[in-house]
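Here the structure comes first, spelled out in structure tokens, and everything after it is commentary.
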Amino acid sequence: MVKRVGNFGFVDDGAGGVYSFTMGSKWMPSSFMIRGGSFTRCGSQYMSVNGVNIIPFGADNDLPGRVCRLLEKFYAGEGIMSKKIGLQWGEGPRLYRDAVGLNNTFYRSWCVDDEIMKELKRVDFTTQMERCLTDMVHLEGFWVKFRRNRGWHINKGKFYSVEHIPAEKVRFVWNGEGKAPTHAMVADFPDVSPENCRVYPIMDPQNPLKHPECVAYYNLYSFTHEHYSVPRYVGAFEWIDLAGSIPELLANFNTNASAISKHIESPQSYWDAREEEIKEYCLKAKIPYNKQMLEDFKNEAMEKFASALSGKENVGKFIHTQHFWSPEANAFEGWKVTPIDNKIKEYIDSQMSIAKKSEAAATSGFGLDPSLSNLILDSKLGSGSEKLYALKVYNATETALPDMVLCKPFQQFIDTNFPGTDVRIGLYRTVVEAEKNINPEDRVKANV
């Protein structure tokens, strides 16, 4: 069996031997290995979709898709993201009022308001908020859609629903140079179908009930990015991609590369001569010549040459090749067979070293301490005290801003439906204490 791309290929002799070939240096391949690509719009801040100019999300208008593919390929990607979501969520959303305590300390006075909670439960706010949080952890931002009720025209207006929209489905509509977008398109990006494409106005915070339906984008601002935020780990994309590619690379190595025993080099002049012979034959036989004939001849020649080097009947035999001076190449040319030292151990060790570096770089990019991500770096898993300290630092430094952004649309829902209320919504987190500071009967090991 022959697998070839251009002037390089492999031959599987069917008996456990695999050989690699190089066929000349000047021959141009008639086929190319096609890689998945993306389009960019250099110098343009918008692109047209179904006649509407939108602002692309990423260079190829598919940043959410790229993030999804990266993390799904990296074995620890979504696991770490799940950890971050859990750490941000804490005990979940609760209602509170701002209060000032002793020594002029500011704190949240958690409360219960049945009427507000009833309205929030009606729109399934915990599900919507959890989905918004997932998008924000992955992309630093999220989209929601608001719908108002039918009583707005008789001064009884309020929001009927607040609904999360997956980030990959929304793009800002271009509103002109230097102008803030006023609308957004909801569609199945990046492959947009006209039937599933709709443009919505963006909510006006000063007049939230202005439109029957509107959308809003909430995000943690990314430095120098005007419209969309980008993941904080964008600089680690290549490391994450590398970490995700290593298992496949090693699997292919086990399947193919480790079996390669010889590399066979053939001179360009040999194939030039064979091509002329095929053309002469076609001329005599009065049949048209095409390049595929040479391609088929190359595959057949590679298989025959490899068969002479493999098999039990050829054990102990040798092969003789002849070199000659080529004026065109100004060098000696001829067939050359080179045994390959696979150095499997060195190769595997180098790939594992790259994997460890990739894991460390990816975790740093995610902004999560390795002891909280459950990654084992340098054969070491974080101790309980390390995790406790990391958790306290995380809660003190990484939760306030995401909490503020995540709760904005639901606070808008409360403020619009209950004008004048001082009730706020936020994420409640239990203060974690060291085990030594907890009564023995209340410790984790006593309740497992």
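Data table
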read-out	value
Complete set of residues in region 200-233 that are aliphatic (A, V, I, L, M) and either more than 29 Å from Gly51 (Cα to Cα) or open to solvent by 60 Å² or more (accessible area, probe 1.4 Å) (or both)	Leu220
Among the residues listed as Gly382, Gly365, the single one being buried (at least 16 other Cβ atoms within 10 Å of the Cβ), at pLDDT below 90 and either among the polar types (S, T, N, Q) or assigned to a loop (DSSP other than H, G, I, E, B) (or both)	Gly382
Of the criteria (1) in contact (Cβ under 8 Å) with a residue 60 or more places away in the chain; (2) touching a strand residue (DSSP E or B) at 6+ places or on another chain (Cβ under 7 Å); (3) of a type in the set (S, T, N, Q), which one Thr182 fails	(1)
In region 61-75, the residues that are in contact with a Leu (Cβ under 7 Å, 6 or more places away or on another chain) and open to solvent by less than 10 Å² (accessible area, probe 1.4 Å)	Val67
Enumeration of residues in region 137-160 that are at pLDDT 95 or above and of a type in the set (Gly, Ala, Ser)	Gly141
Candidate set from region 102-117 (those that are without any contact (Cβ under 8 Å) to a residue 60 or more places away in the chain and of a type outside the set (A, V, I, L, M, F, W, C)); member that is most open to solvent (accessible area, probe 1.4 Å)	Asn103
Every pair of residues 6+ apart whose Cβ atoms lie under 6 Å, when the first sits in region 419-442 and is at negative phi and surrounded by fewer than 14 Cβ atoms within 10 Å (Cβ to Cβ) while the second is of a type outside the set (Asp, Glu) and modelled with pLDDT of 90 or more	Asp422/Arg97
Leading residue by the ranking (modelled with the lowest pLDDT) among those in region 253-285 that are part of a strand (DSSP E or B) and among the hydrophobic types (A, V, I, L, M, F, W, C)	Ile260
Among residues of region 60-96, those that are in contact with a Lys or Arg (Cβ under 8 Å, 6 or more places away or on another chain) and over 21 Å from Val199 (Cβ atoms), counted	5
In region 76-93, the residues that are outside any helix (DSSP H, G or I) and surrounded by fewer than 17 Cβ atoms within 10 Å (Cβ to Cβ)	Gly90, Glu91, Gly92
Val192 being within 20 Å of the chain's Cα centre (by Cα), modelled with pLDDT under 95 and of a type in the set (Val, Ile, Thr)	no
When residues of region 43-60 are limited to those that are small (Gly, Ala, Ser) and within 17 Å of the chain's Cα centre (by Cα), the one most open to solvent (accessible area, probe 1.4 Å)	Ala59
Out of Ala184, Ala236, sole residue that is modelled with pLDDT under 95 and surrounded by 14 or more Cβ atoms within 10 Å (Cβ to Cβ)	Ala236
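The values are calculated or read from the model by the stated rules, or taken from the named source; none is laboratory data. The structure presented is a predicted model; accordingly, all values stated were derived computationally and were not measured. Neighbour counts run over all protein chains shown; Cβ positions are idealised from the backbone, glycine included. When the accessible area is computed, the model is the full protein with side chains, heavy atoms only, and any ligands, DNA or RNA have been set aside. Shrake-Rupley method; radii C 1.70, N 1.55, O 1.52, S 1.80 Å.
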